[in-house]
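Worksheet for the structure shown next.
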Amino acid sequence: MPGAISMILSRRNLIAAGLTLPALARAQPAYPNRPIRLVVPFAPGGPSDALARTFAERLSAILGQPMVVENRSGAGSTVGSDVVAKAPADGYTILFNNLSQATNPSLFARLPFDPLADFAPVALLAESPIVLLGAPNLPVADLRGFLALIRDNPGRYDYGSAGNGTAAHLAVAKLLAAAGLSMNHIPYRGVAPATNDLMAGMIALVADTATTGLGQARGGTLKALAVTASTRLPQAPEIPTVAESGFPGLADYTMTSWNLLLAPARTPNAVLARLRDAVREAKADPAFRARLEALGNTVMADAEPAAMFAFLVEEQARWGQVLRAAGIRPD
């Protein structure tokens, strides 16, 4: 009899569990139901930080939860990227990165994470050309004059960047290589501190993406020497392109930096889809697109996860060749 009673109770428990589990599944809160941490692996005040905050504001409204920007700079974005790679794969910690995601594998001999395997692509965001900014005390007013100054004074002038292998560094390194010139490179912990030294005349040149570089150019304090786009920007038609300088070797020179969102690997597909839909909705908003374009950005086309993964693989290979050819190593 006790055995029979036990069997009956077990069956009742199983039946109860079977009735309860669907109810529990239905009771799970929809994503997101609390604030999302957006890790920016660069210092505050720089172009990535500015663009990340622009997206965070719009995505917060779409998702109905705050998207809180957290700056975790250091080692060319590897510090902040590592935070996200090791975060819980629940969609509440995501990464806002730029082409450093593609350059770091060739820049560093060893990374604390795999830039492809440890992340799930969420969405491509926007890309931006570079603005070449000269110090106010330079005795020249355009890029051709600046490059002639560098040519005639080898080893005298310095340029700053947000760190080795960053977009700001690569833009100038690529420019100088194409022109057959050289300058001393000084890495900073962000574009903002490099720009401060540029304003003070302590260095001669800084490359900044149009997101923040156009504001510096319009301020009139720094000399806007050129943009690295193929044509002049509608937002700043007064700034010529690098190719327009007419300097030997630069007829085909262009350079852009891109941004994207990444989540930890193994983040549920439903969460990734919700984030992707939110980004798609933001980019489709004419007012938001106009805001990005005013900052000198071009909205990137939407892409499925496989296409984004392929994009990262291709960019990693492309920039790896550039870094190795230039002999660029970590700070």
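Against the definition (assigned to a loop (DSSP other than H, G, I, E, B) and either out of contact with any Pro (no Cβ under 7 Å at 6 or more places or on another chain) or of a type in the set (Phe, Trp, Tyr) (or both)), how does GLY165 come out, yes or no?
Working: assigned to a loop (DSSP other than H, G, I, E, B): yes; either out of contact with any Pro (no Cβ under 7 Å at 6 or more places or on another chain) or of a type in the set (Phe, Trp, Tyr) (or both): yes.
In short, yes.
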Keeping to the range 65-92, report how many residues are at pLDDT below 95 and either in a loop (DSSP other than H, G, I, E, B) or in the same structural domain as ASP208 (by TED's automatic domain parsing) (or both).
3
Of the conditions (1) among the aliphatic types (A, V, I, L, M); (2) under 18 Å from PRO129 (Cβ atoms); (3) within 15 Å of the chain's Cα centre (by Cα), ALA301 satisfies every one except a single condition; which number is it?
(3)
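For the range 171-214, name all the residues that are in a loop (DSSP other than H, G, I, E, B), more than 19 Å from the chain's Cα centre (by Cα) and not hydroxyl-bearing (Ser, Thr, Tyr). Working first, answer last.
Residues of the range 171-214 in a loop (DSSP other than H, G, I, E, B): 180-183, 188-190, 200-204.
Still in the list and also more than 19 Å from the chain's Cα centre (by Cα): 180-183, 200-204.
Correct list: GLY180, LEU181, MET183, ALA200, GLY201, MET202, ILE203, ALA204.
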Do you know which of the residues in the range 154-198 that are among the β-branched types (Val, Ile, Thr) and touching a Leu at 6+ places or on another chain (Cβ under 9 Å) is nearest to GLN101 (Cα to Cα)?
THR166
Only one of these conditions is not met by ILE130: (1) over 15 Å from the mean Cα position of the chain (by Cα); (2) not in a helix (DSSP H, G or I). Which number is it?
(1)
Return a yes/no flag: does the range 311-331 have any residue that is out of contact with any strand residue (DSSP E or B) (no Cβ under 6 Å at 6 or more places or on another chain), under 28 Å from LEU59 (Cβ atoms) and loosely packed, with under 14 Cβ neighbours inside 10 Å.
yes
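Yes/no matrix, rows are residues, columns are (1) among the charged types (D, E, K, R); (2) under 23 Å from the mean Cα position of the chain (by Cα); (3) not assigned by TED's automatic domain parsing to the domain that holds PRO136:
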| position | (1), (2), (3) |
| --- | --- |
| ALA224 | no, yes, no |
| VAL227 | no, yes, no |
| THR231 | no, yes, no |
| GLN235 | no, yes, no |
| PRO240 | no, no, no |
| ASP252 | yes, no, yes |
| LEU261 | no, yes, yes |
| ARG266 | yes, yes, yes |
Residue under question is LEU95, and the condition is that it be at pLDDT 95 or above, surrounded by 24 or more Cβ atoms within 10 Å (Cβ to Cβ), part of a strand (DSSP E or B) and under 17 Å from the mean Cα position of the chain (by Cα); does it hold?
yes
List pairs: first residue in the range 169-182 and at positive phi and surrounded by fewer than 19 Cβ atoms within 10 Å (Cβ to Cβ), second residue part of a helix (DSSP H, G or I) and of a type outside the set (Val, Ile, Thr) anywhere in the structure, Cβ distance under 9 angstrom, at least six positions apart or on different chains.
GLY180/ARG151
Could you check how many residues of the range 208-230 are surrounded by fewer than 23 Cβ atoms within 10 Å (Cβ to Cβ) and under 13 Å from GLU244 (Cβ atoms)?
2
Checking ARG276 against (1) without any contact (Cβ under 8 Å) to a residue 12 or more places away in the chain; (2) in contact with a helix residue (DSSP H, G or I) (Cβ under 9 Å, 6 or more places away or on another chain): exactly one of these is not met. Which one?
(1)
Selection from the range 222-273 of residues within 30 Å of PRO29 (Cα to Cα) and among the charged types (D, E, K, R) yields ARG266
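I'd like the full set of residues that are over 28 Å from ALA207 (Cα atoms) and touching a helix residue (DSSP H, G or I) at 6+ places or on another chain (Cβ under 6 Å), limited to the range 103-119.
Within the range 103-119, the subset over 28 Å from ALA207 (Cα atoms) is 112-114, 117-119.
Correct list: PRO112, PHE113, ASP118.
The values are calculated or read from the model by the stated rules, or taken from the named source; none is laboratory data. A quick note: this is a predicted structure, and the numbers were derived from the prediction, not measured. Every residue, glycine among them, receives a Cβ derived from its backbone with ideal geometry; neighbour counts consider all protein chains shown.
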